Structure formats: structure tokens, C-alpha cells
1. Based on what the data block shows, is Arg245 in the same structural domain as Thr192 (by TED's automatic domain parsing), free of Cβ contacts under 8 Å to residues at least 40 places away in the same chain, surrounded by fewer than 16 Cβ atoms within 10 Å (Cβ to Cβ) and under 18 Å from Ala272 (Cα atoms)?
2. Regarding Val23, is this residue of a type outside the set (Lys, Arg) and touching a Ser or Thr at 6+ places or on another chain (Cβ under 8 Å)?
3. Only residues that are free of Cβ contacts under 8 Å to residues at least 24 places away in the same chain and either crowded, with 16+ Cβ neighbours inside 10 Å or among the aliphatic types (A, V, I, L, M) (or both): list them for the stretch 205-226, please.
4. Have a look at Pro66, Pro73, Pro90 and point out the one that is in a strand (DSSP E or B) and either modelled with pLDDT of 90 or more or not small (Gly, Ala, Ser) (or both).
5. Cβ-Cβ distance below 8 Å, separation of 6 or more or different chains: which pairs start in the stretch 98-118 with a residue that is outside the structural domain of Ala70 (by TED's automatic domain parsing) and end on one that is in a strand (DSSP E or B)?
6. When you look at Pro73, is it within 14 Å of the chain's Cα centre (by Cα) and under 21 Å from Pro114 (Cα atoms), yes or no?
7. Since Gln159 meets every condition but one in (1) at pLDDT 80 or above; (2) more than 30 Å from Gly210 (Cβ to Cβ); (3) not in a loop (DSSP other than H, G, I, E, B), which condition does it not meet?
8. Pick from the stretch 259-281 the residues that are surrounded by 13 or more Cβ atoms within 10 Å (Cβ to Cβ) and in contact (Cβ under 8 Å) with a residue 60 or more places away in the chain: which of them is nearest to Cys57 (Cα to Cα)?
Amino acid sequence: MDPHLPRAAIAAFEWATGLTVSVRDFRASLTPYLDTARTEHGSAFCQRAKDTRHPACIALCAERIPAEIARWPQGAVKRCHAGAVELVLPVLVEDRLEWVLYAGQRRAAPGLRPDLADDSGLSPLAETATLAPLDQAGAGHLLELLRQLGGRLAAWRQQTGDPLPAGDPRGPGQDRRRQIAWLIAKRHREPTLRLADLAGQLELSEDRCGHLVQELFGTGFAQLVQQERLRSACTLLELGRMPLREVARASGFGSRSRFFAAFRKELHESPAAYRRRRQTG
């Protein structure tokens with residue numbers, strides 16, 4: 001298993017197509033191997049859309065697409081409320097939805113027939129005119145390339161199982177740092193995750209493992225886990241309407257009270273206030 005394959009495969013697709021890939025990772029199986037920016041629509045165009053109409057972004061990308069994408073197992077052409085066109089592909093592993101891949105953005109050329117289109121009634125952003133056009137034939141070719149990327153990643157995923165990324169756990173610092181980050185990204189949703197779990201994976205004593213984490217990250221294991229849980233919670237708050245009790249559970253805090261206390265301490269506001277600010281700001 002090559003831990004560098006996802007980045008290389010996505011980079012090759014982007015080089016060949018001129019599109020930018022982002023990933024919705026439902027089982028936290030891919031994001032440990034990618035830059036964190038891959039989990040968000042981070043282009044300048046999307047940032048402009050989020051700045052002015054974030055709720056519409058949430059309604060389409062975070063809610064409607066995951067709910068409907070099974071209708072297009074070979075991928076779909078999506079046109080958002082801001083006027084941008086993206087290709088969207090569900091990737092299944094062992095018959096379960098593993099990821100949704102997004103590749104964009106373009107603007108619709110005459111004759112393009114989107115499979116999914118925003119129905120909010122909002123007018124496209126003026127910046128849409130700066131995007132390269134995409135016609136029906138071009139969309140078909142690009143979807144085929146996206147399917148090839150999805151197949152490559154799915155085959156890689158089936159080889160990974162659940163072990164730590166390749167590398168000697170007693171080897172160089174960068175190997176160890178990557179393995180620690182992987183385990184936390186993979187398992188932070190487990191309320192019972194402890195330093196002893198990491199020590200066992202790295203074949204170290206718990207005391208030595210704690211010192212290693214401090215040396216490599218400048219903070220303790222518990223703080224690293226909490227930071228990852230807060231990042232997960234913030235994503236859930238920004239991209240949906242999940243009840244706060246469920247956000248606490250899904251991000252690994254276990255209890256609502258523990259979640260609220262950690263959130264207020266680190267972000268200096270309540271989860272509800274954060275959601276209102278991010279979804280209406």
C-alpha cells in the first residue's frame with residue numbers, strides 16, 4: 001500500500017483536466033492521506049459564493065447531493081446556485097458509499113444539460129463569466145476521467161485495510177509524525193481513544209509515546225485528539241443541521257456537556273452561536 005498514491009492520483013487528474021478535486025469522506029479513510037484543504041470547496045469562486053450565500057451551499061453540496069447521488073452511480077454534472085458547474089462522483093467500497101468526489105469549476109456552455117441543478121432561484125455570481133466553458137461532450141470526457149480516478153482510489157482503499165500508513169513505526173520522525181496524525185484522524189470519533197492505543201500501535205511504552213508526541217507536535221496526545229474532534233465538530237456545524245447532541249457524538253466527545261465545555265474553552269463561543277455565524281455570515 002502506497003500512502004502517497006491518493007495525492008499523486010489526484011494531482012495527475014488535476015494536471016490533465018485543469019479541474020480542482022475536493023472530497024467528501026464519509027468513513028475518514030482518505031483524508032488522513034490528503035491535505036486538509038481537500039475536504040472543502042476552497043477555490044476563490046467557492047469562497048466568494050460562501051461569503052454571500054452559505055446556506056445555499058450547504059443545502060446543495062452538504063445535504064442534497066449526499067442524499068441523491070446514488071441515482072447517478074456513474075457520476076453527474078451539477079450546476080450550483082452561483083452558476084458554477086462541477087462533476088460529482090460517488091465512490092463505493094464494499095458496496096458502501098466511501099466518498100463523493102467533486103471536480104470543478106466550469107461554467108455551462110450552450111447545450112449543457114446538468115443532472116443536478118440548484119433550485120433556490122438565486123442568480124449566478126458575476127464571477128461565473130470568468131470560468132472556462134464546459135459543453136456536453138466535454139462533460140462526458142471529464143466524467144470518464146473522474147471515474148478512472150475514483151476506480152484508482154477505490155482499488156487503493158481496498159488494499160489499505162486499517163493498519164497505520166506504511167513505514168517503520170520506530171523509524172524517522174516524519175514517519176512517526178504521519179502515523180500519529182493518521183491514527184488520530186482515523187479514530188478521534190471514538191470517545192475511548194487513549195494514549196495507550198497509540199503506544200500499542202507504535203510498539204512503544206505509554207510513557208515514551210507521550211514524550212514522542214510532545215517532541216513531534218509540541219503538545220500532548222489528549223490536546224491533539226481534542227483539536228481533531230473540534231475540527232470535525234466545526235465541519236458538522238457548518239455543513240448541516242445535525243442536532244448538537246448528535247454533533248457531540250459524531251465528533252467523538254461522547255457527551256453534550258463535554259462537547260460544550262471544550263468548544264467554549266477553545267473557540268470562545270457556544271456551538272449554536274458558531275453555527276449561526278458560519279451559516280449566515
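1. So Arg245 passes the test.
2. yes
3. Listed by number, the residues that qualify are Cys209, Gly210.
4. Matching residue, one of Pro66, Pro73, Pro90: Pro90.
5. none
6. When the stated conditions are applied, Pro73 does not pass them.
7. The single condition Gln159 does not satisfy is (1).
8. Here the answer is Gln279.
The values are calculated or read from the model by the stated rules, or taken from the named source; none is laboratory data. All values reported here derive from a predicted model rather than from experimental measurement. Every residue, glycine among them, receives a Cβ derived from its backbone with ideal geometry; neighbour counts consider all protein chains shown.
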